[in-house]
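Remarks on the structure that follows.
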Amino acid sequence: MAGDGSTKLDLHEDFYEGPVEGSMNIPGMNKPQSLGQPDFNTLDEPISVTVLRDLGAVGVKFKHVLYPTEKKSLLKEWDLWGPLLLCTFMAMVLQGEASSAGYDGGPEFAEVFVIVWIGAMVVTLNSKLLGGNISFFQSVCVLGYCLLPTAIALLVCRFILLFQQDNILFTLRFFVTMLGFAWATFASTLFLGDSQPVGRKGLAVYPIFLFYFVISWLVLSHTV
């Protein structure tokens, strides 16, 4: 019995090498970095550097929406800065339209925020109930960033409204709005399509279609 115990003790001593400590050398770094620590500290850098880095990340995501070739670009590092900027821009433009007609524009500004954020949450909840393997904020991030084509359509329509309106200009506004709607729907389904089960992709795409259709209708219906 004693021999068995010493054998077990020797086996444990062979596998035990003490606490794991050390450092990791990273190419391009002047000094070794401890395991588990980030390669930079944002508390030690100027605010302008942090803002420019975040704006650069937002710009990269906008580029992927306009040219959606890399499906996981908006899912790796999600943020809500882009959706907030787009939502605020659209709300301000639509509010300006209402103010020119003699209203304070308050309800219209809140209306855009409610439709965008509540609508994105409802679409995301539907995706989760269908068994989608994507997080809540990732889905809201994609839906918000894919508002970019609709926001561009709103800006173009606002420029067209500066001229005397006729049937030709209305047709042009309708075409621009539908183009933004189609591109927003296409980009969002391209990013979110792979996160849905194979037999339920149609059920997940339909609420996305309605979400961008309602926002596009707001863009087209403001004619004052």
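The values are calculated or read from the model by the stated rules, or taken from the named source; none is laboratory data. Model, not experiment: these values are computed from the prediction. All Cβ positions, even for glycine, are placed from backbone atoms using ideal geometry, and neighbour counts span all protein chains on display. For the accessible areas, the whole protein counts, side chains as well, though only heavy atoms, and no ligand, DNA or RNA atoms are used. Shrake-Rupley method; radii C 1.70, N 1.55, O 1.52, S 1.80 Å.
Tabulated results
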read-out	value
Failed item, numbered, when F163 is tested on (1) among the hydrophobic types (A, V, I, L, M, F, W, C); (2) surrounded by fewer than 19 Cβ atoms within 10 Å (Cβ to Cβ); (3) in a helix (DSSP H, G or I)	(3)
Filter result for L147 (within 24 Å of W78 (Cα to Cα), of a type in the set (A, V, I, L, M), open to solvent by less than 20 Å² (accessible area, probe 1.4 Å) and at pLDDT below 90)	no
Of all residues making up the range 166-192, the number that are open to solvent by 20 Å² or more (accessible area, probe 1.4 Å) and under 17 Å from Q138 (Cβ atoms)	2
